[in-house]
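Chemist: Next up is a structure, given as structure tokens.
The values are calculated or read from the model by the stated rules, or taken from the named source; none is laboratory data. If you're wondering where the values come from, they're calculated on a predicted model, not measured in any experiment. No Cβ is skipped: glycine too gets one built from the backbone with ideal geometry, and neighbour counts run over all protein chains shown.
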Amino acid sequence: MRTIRFLLQKEFSQIFRNKALLPMILIAPLLQLWILPLAADYEVKNVNIAIVDHDRSGASRDLLHAITSSGYFRMVGYSASYPQALKEIETDRADLILEIPLHFETNVVRQGHEELLVAVNAINGVKASIGASYLSKILQTFNAHLALQWQEMPNTNVRPSVEVISSNWFNPHLNYRFFMVPGILAVLVTLIGSYMTALNIVKEKEVGTIEQINVTPIKKHHFILGKLIPFWIIGMAVFTIGLFAIAMGLYGIVPVGSIVLLYFFLAVYLIAVLGFGLLISTYAATQQQAMSIAFFFIMIFILMSGLFTPIESMPGWAKVIAHLNPVTYFIEVMRMIVLKGSGLKDILPQIGIITLFALVFNGWAIWNYRKTS
Amino acid sequence: MKRFIAFIKKEFLHVFRDRKSLLMLFGLPIAQIILFGFALTNEINHAKILIVDQAKDRASAEIIQKIAASRYFEITDYNADANSIEPEFKKGNVTLALVFPNHLYGDLLHNNNASVQVIADASDPNTATTLTNYIQSIISEYNQQVALATTAGIRIIPQIRMLYNPELKAAPNFVPGVIALILMLVCVMMTSVSIVREKEMGTMEVLLVSPFRPLFVVLSKAVPYLVLSLINLAVILLLSVFLMDLPVKGSIILLFAESTLFIITALSLGLLISTATASQEIAMLLSLMGMLLPTLLFSGFMFPIENMPWPLQLISHIIPARWFYIIVKSIMIKGLGLSAIWKETLILAGMAAFFLVVSIMKFKKRLE
């Protein structure tokens, strides 16, 4: 116990004496937690539309009015021809071209049928299909509106229809930031925990000071505990500041569920993450190596965690990877407790899995550590 | 010149002897292309839905059948209890609940109007809105089926043409993004660390007292990563052509020339970080924390820049990857030439010059 206390003292004075390190650990992640949720917004709005109107009639003007007043589209300008409008797409000034043919009005009135050309910049497939479906929706209403105007259709008979009443639970204003902030906080804690542990231990290897420790009567588990406990505390501190100052203070996200439960999960999760950092450090000889190994895995952990894209839509093999990823469970639990108020019983499976991760990572690291030194 | 070549040789040996790092450097772009290509999608499929069917009549049965047939939904429970919605949401087992009221079909026939309730777990607002929209369109399809009269005679039909990406695949959007991300990170992180390392180990002193000019000591550090990045680019392009069916539409020479410019920008940024920091730990955290997420977000390939608040849009202008992403997209996907991207090219060149000048100035100061 006394040995560990001295080791902790050594680690903490090393960390606090490094004037550049502490702000990097504390300020950089919190700054990101503040800025990134503002940037992460998928919602498709303001589709820029370029118009080629060969008809210039009352009907085409009405149609354009219907499109601009819908609120989804922003008119960037009229082009004289299709090739000219294509230039607007090439330079990314427009996302979509609408070409209204000559004799549009005459054809609509006489034949009741006309075709429009819509060309969409589909490099971003999701945005393209949403933009096109907005436009189709507007055209449908416009068709009905024309029918009322020009054809004397008896529109008195009420048709039977089922109405959809929707309600959104847990996040009634559909605020995307409520979804992103807990997820990003989880990722930042993971980054700090795994990176700092891996780098710190490898640094002792690279500089050679680990040899000095190896010749002292300090036991292996003392050394490892002495390394893990400081970073466990730092991880807790970063999370606490992030949760109370940024998530609650800045974004007004007050956890619905129990904060004690959240901290309990975090405590176990951090042990798993630190174990992962420890594991990397046993395989790496230099800090550069540790960094590239950690970077490789963390990149995959982040992408496969469901932070940005839903896990449900992944193919089977990718779901397996996502479920072998500890970050997935922490993001899940963060969102469950903070947004939905899930209780201990709801997150029992996740607690079990994370405990398993903690045991495997740390066990593997300690086993491998003994062999190398 | 001979000395310079000898130094470059030394740097190459450093890089190639570190097998583990090398494996990660080449493994990462391959893993990313595969993940982005086959695993990650914004589309929502197989969402788990729970049905509370209090009606149990023709109308509810027909709607349920339509939902079951749709690839967007996976029905977990056809006949759940209304009280089970909340606990199921809290466990995260389902994301949507659909409640059919009593006498649905009767109301529809006699009152011409009935309603069903959709309850979404909106903790993920995107999924919630998308799924609600899917349900809405399934039900309006049902309404049309039930409707006796068809819609009015006038029809203006849009003929939709999807430019550049007719099958709406994800690859044309993310391959340029992955290229920008990988080149940026490999160049910035690896150079910054490799120079600081010599400082930290004390070998920098040895190099600096050699008759070789200090500037070239640093430049020779950058050469292996330039070569490595170009190989990485070639690997990504090969994967995108053969695995993703995404050919390079424009000039490959232009693409490599622009990439070299971007790599030089990134390398000079790495240089700047390494002259400004004293230990590998700080250099890494700075290039990782300062580069990884901002590059991912502000290059515009994951999240649309025009949605961001204006201060962030301003910030995105100083992220080199943003401009390079536009360049790669223009050459690779749209098949445009230099005349379309000269502005972005100039901006990158300006950034490279700025980073280089600042880091050389700083570097000289450290020698005194």
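Chemist: Can you tell me which condition A:A50 does not meet? The list is (1) touching an Asp or Glu at 6+ places or on another chain (Cβ under 6 Å); (2) assigned to a loop (DSSP other than H, G, I, E, B), and all the others hold.
Modeler: Here A:A50 clears every test but (2).
Chemist: Still on this model: Test each condition in (1) in a helix (DSSP H, G or I); (2) within 14 Å of chain A (Cβ to nearest Cβ); (3) among the hydrophobic types (A, V, I, L, M, F, W, C) for B:A234 and report the one that comes out false.
Modeler: Result: B:A234 passes all but (2).
Chemist: Select, from A:T209, A:T190, A:T240, A:T197, the only residue that is surrounded by fewer than 22 Cβ atoms within 10 Å (Cβ to Cβ) and at pLDDT 85 or above.
Modeler: Criteria check complete, one pass: A:T240.
Chemist: Checking the condition of a type in the set (F, W, Y), in contact with a strand residue (DSSP E or B) (Cβ under 8 Å, 6 or more places away or on another chain) and either closer than 24 Å to B:Q144 by Cα or facing chain A (nearest Cβ under 7 Å) (or both), which residue from B:F38, B:F100 passes? Give the steps one after another, and end with the answer.
Modeler: Details: B:F38 fails: in contact with a strand residue (DSSP E or B) (Cβ under 8 Å, 6 or more places away or on another chain).
That would be B:F100, the only listed residue that is of a type in the set (F, W, Y), in contact with a strand residue (DSSP E or B) (Cβ under 8 Å, 6 or more places away or on another chain) and either closer than 24 Å to B:Q144 by Cα or facing chain A (nearest Cβ under 7 Å) (or both).
Chemist: Just one of A:A20, A:A66, A:A39 is on the phi < 0 side of the Ramachandran plot and buried (at least 20 other Cβ atoms within 10 Å of the Cβ); which is it?
Modeler: On the way: A:A20 fails: buried (at least 20 other Cβ atoms within 10 Å of the Cβ); A:A66 fails: buried (at least 20 other Cβ atoms within 10 Å of the Cβ).
After ruling out the rest, the residue left standing is A:A39.
Chemist: Here is a further query. Select from segment B:21-31 the residues that are within 17 Å of the chain's Cα centre (by Cα) and more than 7 Å from every other protein chain (Cβ to nearest Cβ) and write down the one among them that is surrounded by the most Cβ atoms within 10 Å (Cβ to Cβ). Explain how you work it out, then say what you get.
Modeler: As a first pass, look at segment B:21-31 and keep what is within 17 Å of the chain's Cα centre (by Cα): B:28-31.
Now drop any that are not more than 7 Å from every other protein chain (Cβ to nearest Cβ), which leaves B:29-30.
Values: B:P29: 22, B:I30: 15.
Checking each candidate, the answer is B:P29.
Chemist: Answer yes if at least one residue in segment B:340-359 is over 24 Å from B:F298 (Cα atoms), within 14 Å of chain A (Cβ to nearest Cβ) and of a type outside the set (K, R), and no otherwise.
Modeler: no
Chemist: Would you say A:I280 is within 14 Å of chain B (Cβ to nearest Cβ), assigned to a helix (DSSP H, G or I) and more than 20 Å from the chain's Cα centre (by Cα)?
Modeler: Spelling it out, A:I280 is indeed within 14 Å of chain B (Cβ to nearest Cβ), assigned to a helix (DSSP H, G or I) and more than 20 Å from the chain's Cα centre (by Cα).
Chemist: Is one or more of the residues making up segment A:65-88 within 12 Å of chain B (Cβ to nearest Cβ), free of Cβ contacts under 8 Å to residues at least 24 places away in the same chain, of a type outside the set (F, W, Y) and in contact with a Gly (Cβ under 8 Å, 6 or more places away or on another chain)?
Modeler: no
Chemist: Looking at B:V235, B:V227, B:V217, B:V209, can you tell me which residue is crowded, with 18+ Cβ neighbours inside 10 Å and either β-branched (V, I, T) or at pLDDT below 80 (or both)?
Modeler: Unique residue meeting the criteria: B:V217.
Chemist: Could you grab me the full set of residues in segment A:328-353 that are crowded, with 22+ Cβ neighbours inside 10 Å, more than 20 Å from the chain's Cα centre (by Cα) and touching a residue at least 24 places away in the same chain (Cβ under 8 Å)?
Modeler: Passing the criteria: A:S342, A:I347.
Chemist: Now for a different question. Go over the candidates B:I315, B:I263, B:I327, B:I305 one by one and state the one that is in contact (Cβ under 8 Å) with a residue 12 or more places away in the chain, out of contact with any helix residue (DSSP H, G or I) (no Cβ under 6 Å at 6 or more places or on another chain) and among the β-branched types (V, I, T).
Modeler: Values: B:I263 fails: out of contact with any helix residue (DSSP H, G or I) (no Cβ under 6 Å at 6 or more places or on another chain); B:I327 fails: out of contact with any helix residue (DSSP H, G or I) (no Cβ under 6 Å at 6 or more places or on another chain); B:I305 fails: out of contact with any helix residue (DSSP H, G or I) (no Cβ under 6 Å at 6 or more places or on another chain).
Just a single option satisfies the conditions, and that option is B:I315.
Chemist: Yes or no: A:D55 surrounded by 19 or more Cβ atoms within 10 Å (Cβ to Cβ), more than 39 Å from the chain's Cα centre (by Cα) and at pLDDT 85 or above?
Modeler: When the stated conditions are applied, A:D55 passes them.
Chemist: Let me ask another. Mind telling me which of the residues B:A69, B:A97 ends up being over 30 Å from A:V338 (Cβ atoms) and under 37 Å from the mean Cα position of the chain (by Cα)?
Modeler: Only one candidate qualifies: B:A69.
Chemist: Considering only residues that are at the interface with chain A (Cβ under 7 Å from one of its Cβ atoms) and under 27 Å from A:E114 (Cα atoms), look in segment B:109-145 and name the one that is modelled with the lowest pLDDT.
Modeler: Selected residue: B:N143.
So that you can scan it fast, the table gives a plain yes or no per residue for (1) of a type outside the set (S, T, N, Q); (2) modelled with pLDDT of 75 or more:
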| position | (1), (2) |
| --- | --- |
| A:E105 | yes, yes |
| A:V109 | yes, yes |
| A:L146 | yes, no |
| A:W150 | yes, no |
| A:T156 | no, no |
| A:R159 | yes, no |
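Chemist: Which of the residues spanning segment A:18-46 are of a type in the set (V, I, T) and either touching a Pro at 6+ places or on another chain (Cβ under 8 Å) or more than 10 Å from chain B (Cβ to nearest Cβ) (or both)? Before you say what the answer is, go through the steps one by one.
Modeler: Just the residues of segment A:18-46 that are of a type in the set (V, I, T), to begin with: A:25, A:27, A:35, A:44.
A:V44, the sole residue that qualifies.
Chemist: Just the residues that are assigned to a loop (DSSP other than H, G, I, E, B) and either over 21 Å from A:A80 (Cβ atoms) or among the aromatic types (F, W, Y) (or both), please, taken from segment A:100-115.
Modeler: Once the filter is applied, which keeps residues that are assigned to a loop (DSSP other than H, G, I, E, B) and either over 21 Å from A:A80 (Cβ atoms) or among the aromatic types (F, W, Y) (or both), segment A:100-115 yields only A:G112.
Chemist: Are any residues in segment B:32-57 polar (S, T, N, Q) and crowded, with 22+ Cβ neighbours inside 10 Å, and if so, which ones? Lay out the reasoning, then the answer.
Modeler: Pass one, segment B:32-57, residues polar (S, T, N, Q): B:32, B:41-42, B:45, B:54.
The answer is B:Q32, and nothing else.
Chemist: Exactly one of these conditions fails for A:P83: (1) touching a Phe, Trp or Tyr at 6+ places or on another chain (Cβ under 9 Å); (2) assigned to a helix (DSSP H, G or I); (3) surrounded by fewer than 16 Cβ atoms within 10 Å (Cβ to Cβ). Give me its number.
Modeler: Tallying (1) touching a Phe, Trp or Tyr at 6+ places or on another chain (Cβ under 9 Å); (2) assigned to a helix (DSSP H, G or I); (3) surrounded by fewer than 16 Cβ atoms within 10 Å (Cβ to Cβ), A:P83 fails exactly one: (1).
Chemist: Moving on to the next point. In segment A:108-142, how many are among the β-branched types (V, I, T) and more than 7 Å from chain B (Cβ to nearest Cβ)?
Modeler: Going through segment A:108-142, the residues among the β-branched types (V, I, T) turn out to be A:108-109, A:118, A:120, A:123, A:126, A:130, A:138, A:141.
Imposing the further condition that a residue be more than 7 Å from chain B (Cβ to nearest Cβ) reduces the set to A:109, A:130, A:138, A:141.
Counting residues in segment A:108-142 that are among the β-branched types (V, I, T) and more than 7 Å from chain B (Cβ to nearest Cβ) gives 4.
Chemist: Could I ask something else about it? Would you check if there is a residue in segment B:214-225 being of a type in the set (K, R) and part of a helix (DSSP H, G or I)? Lay out the reasoning, then the answer.
Modeler: Applying the first criterion (of a type in the set (K, R)) to segment B:214-225 yields B:221.
Applying the additional criterion that residues be part of a helix (DSSP H, G or I) yields B:221.
Yes, because at least one residue in segment B:214-225 is of a type in the set (K, R) and part of a helix (DSSP H, G or I).
Chemist: Within segment B:167-180, track down each residue that is at the interface with chain A (Cβ under 7 Å from one of its Cβ atoms) and modelled with pLDDT under 75.
Modeler: Initial filter on segment B:167-180 (at the interface with chain A (Cβ under 7 Å from one of its Cβ atoms)): B:168-170, B:172-173.
B:L168, B:K169, B:A170 - these are the residues of segment B:167-180 that are at the interface with chain A (Cβ under 7 Å from one of its Cβ atoms) and modelled with pLDDT under 75.
Chemist: Among the numbered criteria (1) at the interface with chain A (Cβ under 8 Å from one of its Cβ atoms); (2) touching a residue at least 12 places away in the same chain (Cβ under 8 Å); (3) not in a strand (DSSP E or B), which single criterion is violated by B:K48?
Modeler: The one condition B:K48 does not meet is (3).
Chemist: Moving to a separate point now. Would you point out which residue out of B:G337, B:G350 is within 23 Å of B:V175 (Cβ to Cβ) and surrounded by fewer than 18 Cβ atoms within 10 Å (Cβ to Cβ)?
Modeler: Of the residues listed, the single one that is within 23 Å of B:V175 (Cβ to Cβ) and surrounded by fewer than 18 Cβ atoms within 10 Å (Cβ to Cβ) is B:G337.
Chemist: Kindly establish whether A:I15 is under 27 Å from A:F244 (Cβ atoms) and either in a helix (DSSP H, G or I) or at the interface with chain B (Cβ under 10 Å from one of its Cβ atoms) (or both).
Modeler: yes
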